[in-house]
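K.L.:
Could you have a look at this structure, given as structure tokens, before my questions?
The values are calculated or read from the model by the stated rules, or taken from the named source; none is laboratory data. Small disclaimer: the values here were computed from a predicted structure and weren't measured. When we count neighbours, we look across all protein chains shown, and the Cβ atoms used for this are built from the backbone with ideal geometry, even at glycine.
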Ligand code: SF4
Ligand code: SF4
């Protein structure tokens, strides 16, 4: 396992971090019932295996994750790790809620402080709320009174929003972003990651396997991997791509089983910063292209076609359809489409007014695609 300096904060961190959002559960289909003995053993085995970064959050496992993480970190394990949890910004209704929630979380974790407290899952709207509630004062006070060591944020919006918020404060301890070889131009993007590095803000990566999808590639991608001279599993290619970036301090994996943990530990014993050859980097680009070649609708998600007068959520429909085709996951599409139908956002509401097609910079035949998707439903 490689350990790298956590920016300029004065300590090192393991490249593999333990994400506590997919702990083993005791009841199938019920995420809120964690199999506590197994989860605690799994987390401790990870730490014994070299992991020094543990990440949880208020909503994980319906609020149970913080409690079980705290239990796992007893018996001397807390001292071995950097511990992160996150402010549920959506639950903040007034300024004083930030203090109340942090206190509640420390109680659930049963610790006097956390090393990092992140403002969770930020987008434009949540950022505006945090600014109105003077988030810098709250974070500074929590650092001064010892409840947190450093503040950071986790992020899900576009690049400009990321850059603006990154530059909004010069005290960030870290920024957590979604990043993998398929999404390197999505959300914060590789450019945002590089800028964080220039600002001295270490990056923590979430979704390195894109919710597990990159671990199970479709046949054309699998064949490319089998034929490539450098042999890596699908999981290792995905981790290797992210671990290559020197701006990335640690990479989160939400491990649910002992096999996943051991496989990850073994992979991370081989991965290093700048560990990819030029041929490897080129191959990662080819893997991305192979996935994108399976994307039927060349929608970039720019949202210029929104809002539709009939409230058809065009980018969401195209994104769900493309993902289903890229990853061979028709069931996932069916579920997502049902959700869109339940909100009256689905393609059947289109009255063919043509407003979206005039606005689309990609000149996509949106109406035809909507009809086809609605009929096909994959
Ligand atoms: S053509 Fe259909 S989807 Fe496009 S704006 Fe009109 S109603 Fe909405
Ligand atoms: S305008 Fe075109 S490319 Fe942009 S989200 Fe709508 S359909 Fe996609």
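K.L.:
Select from segment 367-376 the residues that are more than 10 Å from ligand 1 (Cβ to nearest atom) and without any contact (Cβ under 8 Å) to a residue 40 or more places away in the chain and write down the one among them that is surrounded by the most Cβ atoms within 10 Å (Cβ to Cβ).
P.N.:
By that ranking, first place goes to 374.
K.L.:
Also: Determine whether segment 127-144 contains at least one residue that is assigned by TED's automatic domain parsing to the domain that holds residue 55, closer than 16 Å to residue 170 by Cα and not in a helix (DSSP H, G or I).
P.N.:
So far as segment 127-144 goes, yes, one or more of its residues are assigned by TED's automatic domain parsing to the domain that holds residue 55, closer than 16 Å to residue 170 by Cα and not in a helix (DSSP H, G or I).
K.L.:
Can we say residue 243 is in the same structural domain as residue 358 (by TED's automatic domain parsing), away from ligand 2 (no atom under 16 Å from the Cβ) and either surrounded by 14 or more Cβ atoms within 10 Å (Cβ to Cβ) or in contact (Cβ under 8 Å) with a residue 60 or more places away in the chain (or both)?
P.N.:
no
The rows are residues; the columns are (1) under 30 Å from residue 24 (Cβ atoms); (2) surrounded by fewer than 17 Cβ atoms within 10 Å (Cβ to Cβ); (3) within 16 Å of ligand 2 (Cβ to nearest atom); (4) without any contact (Cβ under 8 Å) to a residue 60 or more places away in the chain.
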position: 191; (1), (2), (3), (4): no, yes, no, yes
position: 205; (1), (2), (3), (4): yes, no, no, yes
position: 230; (1), (2), (3), (4): no, yes, no, yes
position: 249; (1), (2), (3), (4): yes, no, no, no
position: 253; (1), (2), (3), (4): yes, no, no, no
position: 281; (1), (2), (3), (4): no, yes, no, yes
position: 284; (1), (2), (3), (4): no, no, no, no
position: 291; (1), (2), (3), (4): yes, no, no, no
position: 295; (1), (2), (3), (4): no, yes, yes, yes
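K.L.:
Turning to a different aspect of this structure: Give me the residue from segment 350-366 that is surrounded by 12 or more Cβ atoms within 10 Å (Cβ to Cβ) and either closer than 14 Å to residue 302 by Cα or within 32 Å of the chain's Cα centre (by Cα) (or both) and, out of that set, farthest from ligand 1 (Cβ to nearest atom).
P.N.:
In this case the residue turns out to be 362.
K.L.:
Ok, one more. Select from segment 291-324 the residues that are more than 15 Å from ligand 1 (Cβ to nearest atom) and either part of a loop (DSSP other than H, G, I, E, B) or in the same structural domain as residue 184 (by TED's automatic domain parsing) (or both) and write down the one among them that is modelled with the lowest pLDDT.
P.N.:
Within segment 291-324, the match that is modelled with the lowest pLDDT is 300.
Condition check ((1) in the same structural domain as residue 262 (by TED's automatic domain parsing); (2) modelled with pLDDT under 95; (3) not in a helix (DSSP H, G or I)) across all residues:
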residue: 26; (1), (2), (3): yes, yes, yes
residue: 37; (1), (2), (3): yes, no, no
residue: 54; (1), (2), (3): yes, no, yes
residue: 74; (1), (2), (3): yes, no, yes
residue: 101; (1), (2), (3): yes, no, no
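K.L.:
So which residues in segment 336-349 are within 11 Å of ligand 1 (Cβ to nearest atom) and assigned to a loop (DSSP other than H, G, I, E, B), if there are any at all?
P.N.:
Answer for segment 336-349, where residues must be within 11 Å of ligand 1 (Cβ to nearest atom) and assigned to a loop (DSSP other than H, G, I, E, B): 345, 346.
K.L.:
Then there's this: Of these, 103, 145, which one is more than 21 Å from the chain's Cα centre (by Cα) and free of Cβ contacts under 8 Å to residues at least 12 places away in the same chain?
P.N.:
On inspection, the qualifying residue turns out to be 145.
K.L.:
When you go through (1) crowded, with 22+ Cβ neighbours inside 10 Å; (2) at pLDDT below 95 one by one for residue 151, which number turns out not to apply?
P.N.:
Unmet for residue 151, out of (1) crowded, with 22+ Cβ neighbours inside 10 Å; (2) at pLDDT below 95: (2).
K.L.:
Which one of these is assigned to a helix (DSSP H, G or I) and either in contact (Cβ under 8 Å) with a residue 12 or more places away in the chain or not assigned by TED's automatic domain parsing to the domain that holds residue 13 (or both): 209, 261, 182?
P.N.:
261
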